[in-house]
Amino acid sequence: MMIRIRSRDGLERVTIDNPHATIAQLKSQIESQLRVPVQSQTLSSNQNLLLAKTPDDWSRFTDMDNPHTPISSFNLTHGSILYLAYQGERTIPGPTVQPAGSFGRKMTMDDLIAKQMRVTRQENPHCELVSFDRDAANAFQHYVNETLAFAVKRGGFMYGTVSPEGKVEVHFIYEPPQQGTEENLLLLRDPDEEKLVDAIAIGLGMRKVGFIFTQTISQDKKDYTMSTAEVLQAAELHSEGDLKEWVTAIVKLEVNDDGAADVHFEAFQMSDMCVRLFKEGWFETDVKDEIDPKLSKMKKDVVVGVKDTREVDNDFFLVVVKIVDHQGPLSSSFPIENRIIPVSMNALKDHFNRTKSLSFVKRISDFHLLLLLAKFLDINADVPALAECVLTQSAVPEGYKLLIESMASAS
């Protein structure tokens with residue numbers, strides 16, 4: 001029986017003669033065939049082992065700790081995948097070299113480039129942690145959970161601030177025009193609207209800091225953290241973002257111990273190597289018929305672990321980022337752009353009727369409201385001026401108050 005072992009070095013194979021072998025015998029074969037000492041091995045059927053960074057993290061994966069447990073109890077069959085973490089380095093016997101002429105085999109330029117393109121796991125993110133504004137995160141997840149029921153994908157751009165220490169704070173999420181299916185997310189980006197979004201952000205002292213998207217219920221049954229299509233989209237947007245702390249966040253449903261489904265947020269950075277490979281055009285970008293969505297295909301060989309390959313496990317490209325939350329300076333109660341129900345001026349009227357007890361600047365301290373107003377204001381003068389009032393929480397000039405109130409009452 002052949003069992004596939006996925007580790008930080010990629011996918012390798014171990015042959016077991018006895019299908020009723022114990023965990024101890026399997027680990028012995030891994031030591032014999034893959035040169036990883038038994039005492040260094042942490043073995044699990046849970047792919048999340050590969051996302052764990054330290055031996056302390058590995059110790060939480062105890063499903064294959066008992067050396068006497070037969071591997072048959074895990075329902076393993078020929079070709080099943082197990083996950084391996086280990087400390088230290090290992091040596092692999094190299095191939096027999098057949099010299100060609102006086103100087104050995106001739107290397108092409110592609111061979112030389114591939115030798116330099118070594119894909120390894122990036123241990124530390126540039127982003128120390130990401131903190132989500134509770135209202136903004138809730139407004140996003142509530143829509144995909146209650147309205148879309150996680151049946152189709154949804155995405156948005158995260159805006160906020162980056163501290164000198166690399167802490168990213170997300171204060172609002174802009175949802176561009178888009179079409180989502182079970183497996184893919186097509187962003188139908190509107191450059192004019194994005195100019196307004198960026199103008200508001202600059203006035204608020206913020207910038208674009210990342211991309212957030214959902215995974216559907218059907219994807220939950222798949223054996224990957226991010227699919228190849230998701231890696232390509234995330235790498236493209238990370239490259240475009242031109243920010244070393246850029247964050248990619250995933251929202252999905254996860255079944256808890258009670259059998260109920262909880263909404264779960266995860267945050268990553270695409271590794272430096274992933275972004276470099278994307279910028280330099282190494283990825284095969286036609287993934288319509290992707291055979292294995294866990295693997296990214298390369299146009300040329302890269303070095304993963306100890307071997308040349310054109311297939312890279314997507315987990316190699318992900319660097320885990322810690323998540324916390326906060327209460328930011330903006331509210332997120334105004335209807336959100338580019339959803340199923342278009343935002344009309346009636347929404348402005350309803351919002352002002354609902355918030356009469358607040359000061360005027362508090363009533364307009366909502367990015368989604370500012371975006372609606374910006375479509376009727378001068379992007380170079382009015383939008384920055386209004387956003388600065390929100391930033392400093394200072395009185396809104398009388399002229400703007402009259403204009404906004406007349407827009408609300410005219411609907």
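The values are calculated or read from the model by the stated rules, or taken from the named source; none is laboratory data. Computed from a predicted model, the values in this text were never measured in an experiment. Neighbour counts run over all protein chains shown; Cβ positions are idealised from the backbone, glycine included. Side chains included, ligands, DNA and RNA excluded: accessible areas come from the protein's heavy atoms. Shrake-Rupley method; radii C 1.70, N 1.55, O 1.52, S 1.80 Å.
Points worth noting:
- Filtered by the rule that a residue be within 24 Å of the chain's Cα centre (by Cα) and either modelled with pLDDT under 90 or under 20 Å from V319 (Cα atoms) (or both), region 24-44 gives no residues.
- In region 192-215, the count of residues that are open to solvent by less than 20 Å² (accessible area, probe 1.4 Å), touching a Lys or Arg at 6+ places or on another chain (Cβ under 8 Å), modelled with pLDDT under 95 and under 23 Å from N138 (Cβ atoms) is zero.
- Residue within region 235-245 that is at positive phi, loosely packed, with under 14 Cβ neighbours inside 10 Å and either at pLDDT 95 or above or out of contact with any Cys (no Cβ under 8 Å at 6 or more places or on another chain) (or both) present: yes
- Just one of the numbered conditions (1) in a helix (DSSP H, G or I); (2) under 19 Å from E169 (Cα atoms); (3) of a type in the set (K, R) is not true of K244: (1).
- Considering (1) out of contact with any Leu (no Cβ under 8 Å at 6 or more places or on another chain); (2) of a type in the set (A, V, I, L, M); (3) not in a strand (DSSP E or B), the lone condition that A267 does not fulfil carries the number (3).
- The set of residues in region 216-234 being open to solvent by 10 Å² or more (accessible area, probe 1.4 Å) and more than 22 Å from L50 (Cβ to Cβ) consists of I217, S218.
- Of all the criteria given as (1) crowded, with 16+ Cβ neighbours inside 10 Å; (2) under 16 Å from the mean Cα position of the chain (by Cα); (3) farther than 21 Å from A136 by Cβ, the one not satisfied by V287 is (2).
- Residue check, R8 closer than 25 Å to V303 by Cβ, over 25 Å from the mean Cα position of the chain (by Cα), open to solvent by 30 Å² or more (accessible area, probe 1.4 Å) and in contact (Cβ under 8 Å) with a residue 12 or more places away in the chain: no
- Identity of the residue in region 350-405, farther than 19 Å from A136 by Cβ and acidic (D, E), that ends up surrounded by the most Cβ atoms within 10 Å (Cβ to Cβ): D382
- Any hit, region 62-78, residues being out of contact with any His (no Cβ under 9 Å at 6 or more places or on another chain), on the phi > 0 side of the Ramachandran plot, loosely packed, with under 11 Cβ neighbours inside 10 Å and modelled with pLDDT under 90: yes
- On inspection, P335 qualifies as surrounded by fewer than 20 Cβ atoms within 10 Å (Cβ to Cβ) and farther than 19 Å from V209 by Cβ.
- Of all residues in region 12-23 being under 36 Å from the mean Cα position of the chain (by Cα) and surrounded by fewer than 18 Cβ atoms within 10 Å (Cβ to Cβ), the one that is farthest from V303 (Cα to Cα): T15
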